[in-house]
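I have placed the structure first, in the form of structure tokens, so that the comments after it can refer back to it.
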Amino acid sequence: MAPRRTTKPPKNTPPEPSVCSPCDGSGTVAATVRVGRKRRPVGQQDGLCLNCLGSGIAPDA
């Protein structure tokens, strides 16, 4: 006769979503603003992260 199991097996829980690495989970990245004919950089502005599309969660590979 087999011994009786007293504990329940662990439930299958989905893995925690990982944070997007280019934007560190914020959903925005810095984009350089360039002006003039020589395209010199004058500053930066926030842009949408193209890796996660602004969600902050890394896409599954």
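The values are calculated or read from the model by the stated rules, or taken from the named source; none is laboratory data. Quantities reported herein were computed from a predicted structural model and do not represent experimental measurements. No Cβ is skipped: glycine too gets one built from the backbone with ideal geometry, and neighbour counts run over all protein chains shown. The area values use the complete protein model at the heavy-atom level, side chains included, leaving out ligands, DNA and RNA. Shrake-Rupley method; radii C 1.70, N 1.55, O 1.52, S 1.80 Å.
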Residues of region 15-61 satisfying the condition of being more than 9 Å from the chain's Cα centre (by Cα) and polar (S, T, N, Q): Thr28, Thr32, Gln44, Gln45
Gln45, sole failed condition from (1) part of a strand (DSSP E or B); (2) surrounded by 10 or more Cβ atoms within 10 Å (Cβ to Cβ): (2)
Selection from region 19-38 of residues that are in a loop (DSSP other than H, G, I, E, B), open to solvent by 70 Å² or more (accessible area, probe 1.4 Å) and at pLDDT below 95: Ser21, Pro22, Asp24, Ser26
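From Pro59, Pro15, which residue is surrounded by fewer than 13 Cβ atoms within 10 Å (Cβ to Cβ) and either in contact with a Cys (Cβ under 8 Å, 6 or more places away or on another chain) or not in a loop (DSSP other than H, G, I, E, B) (or both)?
Residue meeting the stated conditions: Pro59.
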